[in-house]
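Please read the structure below before turning to the comments.
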C-alpha cells in the first residue's frame, strides 16, 4: 500500500532547503521565462541575444539550475522579453507570521 502525505505547496521546503522560499520564487520566474521563449518558438541562441545571457547560463535556468542567477536578473529577463513586472506590497495582514513572496502571471 502506498502512503501519501500532504505537505506544503513548496517542494523546496518539503525537501529541507534552508532558502526554500527564494528557490520557489526563482522556479516560478524561470517557468515564466521558459514559457515565453517556448511560445515564441525561439532557439536558445535567439533568446540569449535578447536576454543578454550566455547559452550555458540560459540552459541551466531553463533546466531548473538557477542558483547562479539572481531574482533581479530574472526580472530583467522578463522585461527584456517584453513583459511588465510589478512588485505589489500588500496591506498589513495583522498576523505574527512572516509575509511571503509569490509570482503571479497576468
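Here, each number is a calculation from the coordinates, and none is a lab measurement. What you are looking at is a predicted structure, and each value in this text was computed from that prediction instead of being measured. For neighbour counting, all protein chains shown are included, and Cβ atoms are generated from backbone atoms with ideal geometry for every residue, glycine included.
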Among (1) within 21 Å of residue 103 (Cα to Cα); (2) without any contact (Cβ under 8 Å) to a residue 24 or more places away in the chain; (3) in contact with a helix residue (DSSP H, G or I) (Cβ under 9 Å, 6 or more places away or on another chain), the one test that residue 27 misses: (2)
Taking residue 92, is it touching a residue at least 12 places away in the same chain (Cβ under 8 Å) and over 17 Å from the mean Cα position of the chain (by Cα)? no
